[in-house]
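The values are calculated or read from the model by the stated rules, or taken from the named source; none is laboratory data. Predicted model only: the values in this text are computed from it and were never measured. Positions of Cβ are backbone-derived with ideal geometry, glycine not excepted, and every protein chain shown enters the neighbour counts. Heavy atoms of the whole protein, side chains included, go into the accessibility calculation; ligands, DNA and RNA do not. Shrake-Rupley method; radii C 1.70, N 1.55, O 1.52, S 1.80 Å.
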Amino acid sequence: MNGPTSRQASRQTPPALEVLGFGVAFGLGTGLLEVFLRAIQRYGFGGHLFLGRDLVWLAPLADVALFVLVAAGLLFVRALLGALPGNRGLGYALMFGTFVFLIPLGPLLTTPRIHGVAAVLLSLGVGFQGGRILARRPDRVRRIARRAVPVFAGLVVAGFLLVRGGQWLGERRLNAGLPDPAPEAPNVLLIILDTVRATDLSLYGYGHPTTPNLERLAEHGVTFESVVSTSPWTLPSHASMFTGRYPHELSADWLTPLDDAAPTLSEHFTAHGYRTAGFVGNLIYATWETGLDRGFAHYEDYPVSVGMAINSSWLGRWLVQRTRRLLGLDGFLVQRTAGDINGAFLDWLDANGVRDDALPRPFFAFLNYMDAHGPYTPPDSLAGRFGPTRNGRALADLSSRRDWSAEELAVERAAYDGEIAYADQEIGAVVAALDERGLLDETLIVVTSDHGELFGEHGLVDHGNSLYRELIDVPLVIVSPGRVPEDVRIGEAISMRDLAATISYLATGVEGALPGNSLTRFWEPLPSPAPISPILSSVSGGVRMPEWVPVSKGDMKSLVSDGYQYIIDGENREQLFLYSRDRTQQTNVAGLPAQAARLEALREMTRELTAVDPDKR
């Protein structure tokens, strides 16, 4: 077929296979263009994509599927219109115009400063002009498409090989260069329960039985009863646990990943001959883009799935998000449950040498369970177990509303407790799996959380917005047969800053390898004992936070010392609470004359502890 070569070509009807073929060509081209634009966004402007590296091949595949669906829709409409008397069907101009219209639509719709109507109108203008121009020379467009499709397909395959092959080679190279581990070196399993506050765990006396498995595990180790996180949200808290440094000493923040200035636990264990792997459910602030993957030979965040492919396409993500909202569906388009995390970890474990109940070398594995993070959607078996059930939508961001009633908050908290109970079930499952493999007795297990959650306390919901106890009081259980005593509870307040030093010392016996001081001082003498670290927490001024939350006013800092908690916000407003007795922090004693000297001392101590040379951050 020679096809039209004049202006009348726009009124001629392209064959069905040609419409589908053009759909493939335009879809591949659009996907590769999006990959290019994402690369500029990421590496040119330092933007956070919230996408995996598989974007380079998933985005083109998703756009091909989208464009082929649109092409099929055009053929369906043509068939309907073709049945009308005198109708010649849909021509080249409409076909090309539709495809060109779709190219800029996704990026424009997802640009915050462009209204949706404006995005559609701009795309329609581009599509109208583009369709007219291309329809005048369909033969030329056809030849270009035929040559481009193999090239585009080759680029997609190359992207797949680059990402997947690069990860495989990187893991093999790192593992091949591992030194010999110490003969008795234990495995290390670090489980971080994202967004779990200590007050909602039956391990700490909560009225609902949310953590029976964790309680059974704790009988074989040490439970710390007063543990303070260094930050009320994920990234700086994780970064602090991995490095033993306070958040204000690190680069990790709202829009900034963890840089390579401070050594991490994974790098420490690699240097001691460990296989290292991370498996994360938090696909927002625990992914490769945050820098938390540094030092891990194997790191799994975004899964390869249909949902992930859709998420990789600008237009695909926008369409599905709007459709899900209209259908009233809760949850994220792409998510990994604690069960998914356990499955990935055990698959990796089995693939890396579990034979005859022994690994050829010890492992350090980090599991991040994100189930207790909003939106709270516990499995049906746990929905309603701890309180009233929800009738409406579950919100991913509770901060989007301020007018919560007590009844609504009770529903959200009951669902939250159900999510904690689900995570607890998966703790029991992974412990049982290690036992089945004969690895439990030779594994150091640490279970903790990065931060908590607010349900109306202090007039706030969600997290990352203040430094009250509901946000920074977290659980900590350490179990290691022969290294840690059984069924011990420690009441003294401690900082999560000391976690890295504790894990390092318990596993390798090396004191001072990472900043902080080992918590093993509570049950054994250390070669060079040091006091516990200052119980300091902080959060930077919130990004896109509602104006009514405290952190919207600027940086906040907290210091727990001598039975008191001192909080200062971005406007230099101070609060002082009796930490040891006023657990719900109802009484601010900062204004009492009797507390003036204490307030001044804590103010000065906080100022000294957070004074850091900006060049060293």
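Structure data summary
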quantity: Some residue of region 464-475 being within 30 Å of Leu409 (Cα to Cα) and more than 22 Å from the chain's Cα centre (by Cα); calculated: yes
quantity: Matching option when the condition is farther than 29 Å from Ser399 by Cα, touching a residue at least 12 places away in the same chain (Cβ under 8 Å) and open to solvent by less than 10 Å² (accessible area, probe 1.4 Å), among Val228, Val222, Val280; calculated: Val222
quantity: Hits in region 283-300 (condition: assigned to a loop (DSSP other than H, G, I, E, B) and either over 12 Å from Arg53 (Cα atoms) or over 9 Å from the mean Cα position of the chain (by Cα) (or both)); calculated: Leu283, Ile284, Tyr285, Ala286, Gly291, Leu292, Asp293, Arg294, Gly295, Phe296, Ala297
quantity: Selected residue (only one of Leu178, Leu155, Leu134 is among the hydrophobic types (A, V, I, L, M, F, W, C), touching a residue at least 12 places away in the same chain (Cβ under 8 Å), over 28 Å from Asn342 (Cα atoms) and in contact with a Lys or Arg (Cβ under 9 Å, 6 or more places away or on another chain)); calculated: Leu134
quantity: Evaluation of Asp582 against (1) at pLDDT below 95; (2) buried (at least 21 other Cβ atoms within 10 Å of the Cβ) (one fails), failing number; calculated: (2)
quantity: Set Leu17, Leu32: member being over 23 Å from the mean Cα position of the chain (by Cα) and either within 15 Å of Trp314 (Cα to Cα) or basic (Lys, Arg) (or both); calculated: Leu32
quantity: Scope region 474-487; condition open to solvent by 10 Å² or more (accessible area, probe 1.4 Å) and either within 17 Å of Ala198 (Cβ to Cβ) or among the small types (Gly, Ala, Ser) (or both); matching residues; calculated: Gly482
quantity: Of all residues in region 158-194 being among the charged types (D, E, K, R) and part of a loop (DSSP other than H, G, I, E, B), the one that is nearest to Arg483 (Cα to Cα); calculated: Glu184
quantity: Residue identified as touching a Lys or Arg at 6+ places or on another chain (Cβ under 9 Å) and either open to solvent by 50 Å² or more (accessible area, probe 1.4 Å) or within 30 Å of Pro104 (Cβ to Cβ) (or both) among Leu333, Leu250; calculated: Leu333
quantity: Strands (runs of 3 or more DSSP E) completely within region 460-570 that count 3 or more residues being over 30 Å from Leu434 (Cα atoms) and β-branched (Val, Ile, Thr); calculated: none
quantity: Residue within region 449-462 that is within 30 Å of Ala182 (Cβ to Cβ) and either at pLDDT below 95 or within 23 Å of the chain's Cα centre (by Cα) (or both) present; calculated: yes
quantity: Members of region 195-219 that are open to solvent by 10 Å² or more (accessible area, probe 1.4 Å) and either part of a loop (DSSP other than H, G, I, E, B) or of a type in the set (Val, Ile, Thr) (or both); calculated: Thr199, Gly205, Tyr206, Gly207, His208, Pro209, Glu219
quantity: Residues within region 375-430 that are under 14 Å from Asp462 (Cβ atoms) and aromatic (Phe, Trp, Tyr), tallied; calculated: 3
